[in-house]
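The values are calculated or read from the model by the stated rules, or taken from the named source; none is laboratory data. Here the structure is a predicted model, which is why all the values come from computation and not from measurement. Here the Cβ positions follow ideal geometry from the backbone for every residue, glycine too, while neighbour counts run over all protein chains shown.
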Amino acid sequence: MPDPSSSSFSLMSASAPSPQTVQKKAVRADILVIDDTPENLHLLSTLLNERNYKVRSVTKGVTGIRGAIAAPPDLILLDINMPEMNGYEVCEQLKANESTCDIPVIFISALGDVLDKVRAFNVGGVDFITKPFQIEEVLARIRTHLTLRRLQLEQQAQNLRLQQEISDRRRAEETFEKSFLASPSPIAITTLRDYRFLAVNPSFMRLTGYAKAAILDRTTADLKLWPEPALYQSAISQLAQGTRCESQELECRTQKGEYRTVLISLERITLHGESCVLNIINDITERKRIENEFISVVSHELRTPMHSMVGALDLLSTGELGELSEQGAQILSVATTNAERLIRLVNDILDLERLKSGETRLNRTHCNIEDLFAQTVDAMRAMADEADVTLHVQAVSVPVFVDCDRILQTLTNLLSNAIKFSLPGGTILLTAALEPDDILHIRVIDQGRGIPPDRLESIFERFQQVDASDARKKGGTGLGLAICRKILKQHNGSIWAESAVGEGSTFHVRLPVE
Amino acid sequence: MSKTVLIVDDEEDALAIATLGLQMKTDWVLLQAGSGQQALDVSAEKVPDLILLDMMMPDMDGKATLAALKANPKTQSIAVILMTAKQEPLTQTGVDPEQVVTVFTKPFRPLSLADEIRTVLGW
């Protein structure tokens, strides 16, 4: 039995495309026409072919269904009134099949047929046309449903894409979210403009002790998170220069007012169009504590044998335990000098560690800066005389409420440095002036060799003398200025240096009077 | 009459240095103890004028020894000077400042030790 569908295909291919449609490049939609009346088929085929639709025509519902499944058309024109299987049944079967269910079906009914419109729509038809055909109406309906179908398909494709995109994003988000939430390193995202918190992870909340609601939308300044905002600022400014900031050491103040030592790494990111800072933090408080404890224990263990050693040298040097040759005495003095230096070094390390760990609290008492100056000069007079350096003091009488021993230690240290780096015949000026906001501004001005500009800041760090050999030559420990800075920091003051190489240096101390 | 001073330190070397330093500079009678317990025994028996007491000692440290000395009517009036290698304020050690004359921080110089003692005690 010949397959009617194949004959319809041959029919279709036999019909030559009209000249006007040849010019249109794109082949138009594929339409399947199912009608038991050959005249109707022929009419529709010719009509549609002229409009450059691809047309397949079949006369039986079963053949139509098979053809539609084998190669799903874009639209089906389906005669209702057919023997064997009528249009409704064909439509129901088409709708029941997965590969044909979405194809729009337009029913064809003869004028005399009783068209059950409700049934037509119920079984899945989208429209109907009535014989005899109004050609323009038929074409308009076909165009409309093809457009609807095309839009529907496009919509489906777009939905698929969107779903894919959403699932991709959700996956990316989940990856980010999980890493952010589970990260053992505290992470916070702040705005670049005013360091306002946009997001923080649980580690960050654990570190700082704040609940999420207490952090979000607050600035670091609101929370006083960085006791030294200038240090954080300088880390941020590294970002502005395009370099990322890695492992900057900072103090971080928690909600309970405790201080944690952290390393902070910063990266600039853009979120919702706003420049932000990604802050990744590493709490090294415990590490620092162990380090400090180690230094403290080692220093203490060093002092016990040093005590015996320096004592033994002292006793030897009296000569009461036996007369030493001149060279012997000289060697003994070398040993004593170095033992003393070792003691100073260990004392300074211990002092600095205690200041750094905050173990030492200020012992504030009432005193007058004039008296402190006098005591400092008294203590340093012998050293100045020996170095042939003149000390000038311009003191003002200002009562202060400070840790007098610590301020004395600072002044002695600065004066001692000034003497060490002065040339014989030089002069050192010690001045004080009361400035607004009750700040006492102390200056120690020397005419010594000066400090290169790139070292003006680093000399306040541990073991950062201008010249590495200075400590040995000048008998210092390399810790004096670091100790001074810690002392001033505890007093909420500051210390810095200005210098012109070859002309001398000025050390400035700003000390709140209480 | 010559003063009697008891030096207490578990470090033999430190004990020897302090003793020798005082010997060179004074005519005081110098007693030695290498532990807290020994210090209690010697001071109860000899009742010195001064005890130089090291803080860091095994078993019975300076703080415990001081408490025992002050608890004994025989020894409670003896002047005590603490010696420590730790630079920490007395208040942090838990020692009652009323019970000691002063604290010497190690390393101190053995030759100036006598003068420092004379200064704080007015000898």
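Using the structure shown, decide if B:Ala68 is touching a Gly at 6+ places or on another chain (Cβ under 8 Å) and either surrounded by 19 or more Cβ atoms within 10 Å (Cβ to Cβ) or at pLDDT 90 or above (or both). It would help to see each step written out before you state the result.
Numbers: touching a Gly at 6+ places or on another chain (Cβ under 8 Å): yes; either surrounded by 19 or more Cβ atoms within 10 Å (Cβ to Cβ) or at pLDDT 90 or above (or both): yes.
Yes.
Scanning the stretch A:337-356 for residues that are free of Cβ contacts under 8 Å to residues at least 60 places away in the same chain, surrounded by 13 or more Cβ atoms within 10 Å (Cβ to Cβ) and more than 22 Å from A:Gly476 (Cα to Cα) turns up nothing.
Which one of these is assigned to a strand (DSSP E or B), under 14 Å from A:Ile264 (Cα atoms), of a type in the set (Gly, Ala, Ser) and in the same structural domain as A:Leu266 (by TED's automatic domain parsing): A:Ala188, A:Ala199? Please lay out each step first, then the result.
Working: A:Ala199 fails: under 14 Å from A:Ile264 (Cα atoms).
Exactly one of A:Ala188, A:Ala199 is assigned to a strand (DSSP E or B), under 14 Å from A:Ile264 (Cα atoms), of a type in the set (Gly, Ala, Ser) and in the same structural domain as A:Leu266 (by TED's automatic domain parsing), namely A:Ala188.
Give me the residue from the stretch A:350-372 that is more than 22 Å from A:Lys489 (Cβ to Cβ) and either of a type in the set (D, E, K, R) or part of a helix (DSSP H, G or I) (or both) and, out of that set, farthest from the other protein chains (Cβ to nearest Cβ). First the steps, then the outcome.
Taking the stretch A:350-372 and keeping what is more than 22 Å from A:Lys489 (Cβ to Cβ), we get A:368, A:370-371.
Still in the running and either of a type in the set (D, E, K, R) or part of a helix (DSSP H, G or I) (or both): A:370-371.
Numbers: A:Glu370: 27, A:Asp371: 22 Å.
Residue satisfying both the conditions and the ranking: A:Glu370.
What are the residues in the stretch A:357-397 that are charged (D, E, K, R), out of contact with any Gly (no Cβ under 8 Å at 6 or more places or on another chain), within 21 Å of A:Ser416 (Cβ to Cβ) and in contact (Cβ under 8 Å) with a residue 12 or more places away in the chain, if any?
Narrowing the stretch A:357-397 to residues charged (D, E, K, R): A:359, A:361, A:364, A:370-371, A:378, A:381, A:385-386, A:388.
When the remaining residues are screened for being out of contact with any Gly (no Cβ under 8 Å at 6 or more places or on another chain), the result is A:359, A:361, A:364, A:370-371, A:378, A:381, A:385-386.
Checking which are within 21 Å of A:Ser416 (Cβ to Cβ) leaves us with A:370-371, A:378, A:381, A:385-386.
Listed by number, the list holds a single entry, A:Glu370.
Among the candidates A:Arg161, A:Arg141, A:Arg171, which residue alone is surrounded by 11 or more Cβ atoms within 10 Å (Cβ to Cβ) and either part of a helix (DSSP H, G or I) or in contact with a Gly (Cβ under 8 Å, 6 or more places away or on another chain) (or both)?
Details: A:Arg161 fails: surrounded by 11 or more Cβ atoms within 10 Å (Cβ to Cβ); A:Arg171 fails: surrounded by 11 or more Cβ atoms within 10 Å (Cβ to Cβ).
Matching residue, one of A:Arg161, A:Arg141, A:Arg171: A:Arg141.
Inspection of the stretch A:336-345 identifies no residue that is within 9 Å of chain B (Cβ to nearest Cβ) and among the basic types (Lys, Arg). Residues in the stretch A:29-51 that are crowded, with 18+ Cβ neighbours inside 10 Å and among the polar types (S, T, N, Q): 3 in all.
Out of the stretch A:217-227, which residues are out of contact with any Leu (no Cβ under 7 Å at 6 or more places or on another chain) and not in a helix (DSSP H, G or I)? Let's see the steps before the verdict.
First, the residues of the stretch A:217-227 that are out of contact with any Leu (no Cβ under 7 Å at 6 or more places or on another chain): A:217-225, A:227.
Listed by number, the residues that qualify are A:Asp217, A:Arg218, A:Thr219, A:Lys224, A:Leu225, A:Pro227.
Among helices (runs of 4 or more DSSP H) lying entirely in the stretch A:1-89, which contain 2 or more residues that are farther than 20 Å from A:Ile108 by Cβ and at pLDDT 90 or above? Before the answer, list the steps.
On the way: elements: A:4-14, A:19-22, A:38-50, A:61-70.
Fully inside the stretch A:1-89 and qualifying: A:61-70.
For the stretch A:289-335, what are the residues that are part of a loop (DSSP other than H, G, I, E, B) and at the interface with chain B (Cβ under 9 Å from one of its Cβ atoms)? Walk me through how you get there before you give the answer.
First, pick out the residues of the stretch A:289-335 that are part of a loop (DSSP other than H, G, I, E, B): A:318-325.
Matches in the stretch A:289-335: A:Thr318, A:Glu320, A:Leu321.
Among helices (runs of 4 or more DSSP H) lying entirely in the stretch B:33-111, which contain 1 or more residues that are β-branched (Val, Ile, Thr) and more than 14 Å from chain A (Cβ to nearest Cβ)?
Values: elements: B:36-46, B:62-71, B:90-93.
In the stretch B:33-111, the matching helices (runs of 4 or more DSSP H) lie at B:36-46, B:62-71.
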